[in-house]
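Okay, so here's the structure we're looking at.
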Amino acid sequence: MKKIFTLLLLCTINLIIAQTSEEIVKKANEIQTKWGYKATNKNIITLIDFSKSIEEARLYVIDLKNSKILLTSNVDHGSGSGTGLTPHSFSNSIGSKATSLGCYVTLQTYKGMWGYSLKLNGLESDKNSNALKRNIVVHSSKRMYSKFSSGCFSVPDKNSNILIDLIKGGSLVYAYQ
């Protein structure tokens with residue numbers, strides 16, 4: 001009886017994971033359809049789901065060509081969006097230290113105060129058009145003083161270089177709640 005229960009439980013967990021993956025790939029395809037003309041790398045898209053807790057993986061890098069998730073990671077949100085487990089507000093304003101939602105395109109990499117980093121250009125005038133002026137980038141959270149950023153998409157050090165190398169060069173990043 002225990003074996004049957006364990007098998008059923010594992011099957012249920014696998015089904016939930018598969019459904020979640022399908023939903024993520026479907027959303028990625030929808031974003032690519034809407035914003036893909038802005039991307040030079042049309043095979044990769046990154047989704048960041050800020051409705052999830054800062055303590056769980058909420059960043060997904062999707063290979064659209066093969067319809068699969070290449071990487072999942074935790075990602076911080078800006079202290080100006082709140083210091084709880086999920087952000088409660090978002091801003092495009094300079095100095096807000098808040099996360100901005102919407103669609104971005106990745107630009108060039110550089111070595112800065114946070115190490116290997118990736119510039120982002122916000123594509124939506126009402127949500128994230130000040131990303132370059134605000135220096136909103138993807139970087140490691142290794143050198144941060146808290147688990148909240150100043151609006152950047154900071155990820156654990158173990159994932160940062162892999163993530164940046166996967167998405168650099170004109171792929172889309174879409175942050176939503």
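The values are calculated or read from the model by the stated rules, or taken from the named source; none is laboratory data. As the structure is a prediction and not an experimental result, all values here were calculated from the model. Glycine also receives a Cβ, built like all others from the backbone with ideal geometry; neighbour counts cover every protein chain displayed. Each accessible area value is taken on the protein alone, full model and side chains, heavy atoms only, with ligands, DNA and RNA left out. Shrake-Rupley method; radii C 1.70, N 1.55, O 1.52, S 1.80 Å.
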Inset, instruction - Please enumerate the residues belonging to the range 58-68 that are without any contact (Cβ under 8 Å) to a residue 24 or more places away in the chain and either closer than 18 Å to Gly82 by Cα or crowded, with 18+ Cβ neighbours inside 10 Å (or both). - result: Arg58
Legend entry - Selection from the range 126-177 of residues that are free of Cβ contacts under 8 Å to residues at least 60 places away in the same chain and of a type in the set (Val, Ile, Thr): Ile136, Val137, Val138, Ile164
Inset, instruction - From (1) touching a helix residue (DSSP H, G or I) at 6+ places or on another chain (Cβ under 8 Å); (2) under 16 Å from Leu47 (Cα atoms); (3) buried (at least 16 other Cβ atoms within 10 Å of the Cβ), pick out the condition that doesn't hold for Leu163. - result: (1)
Legend entry - Residue check for Ser150: over 14 Å from Leu163 (Cα atoms) and surrounded by fewer than 16 Cβ atoms within 10 Å (Cβ to Cβ): no
Inset, instruction - Taking only the range 112-125 into account, find how many residues are free of Cβ contacts under 8 Å to residues at least 40 places away in the same chain and of a type in the set (Ser, Thr, Tyr). - result: 1
Legend entry - Whichever residue in the range 119-145 is open to solvent by 60 Å² or more (accessible area, probe 1.4 Å) and among the hydroxyl-bearing types (Ser, Thr, Tyr) and, among such residues, is nearest to Gly82 (Cα to Cα): Tyr145
Legend entry - Options Thr83, Thr33: the member that is more than 13 Å from the chain's Cα centre (by Cα), open to solvent by 30 Å² or more (accessible area, probe 1.4 Å) and modelled with pLDDT under 95: Thr83
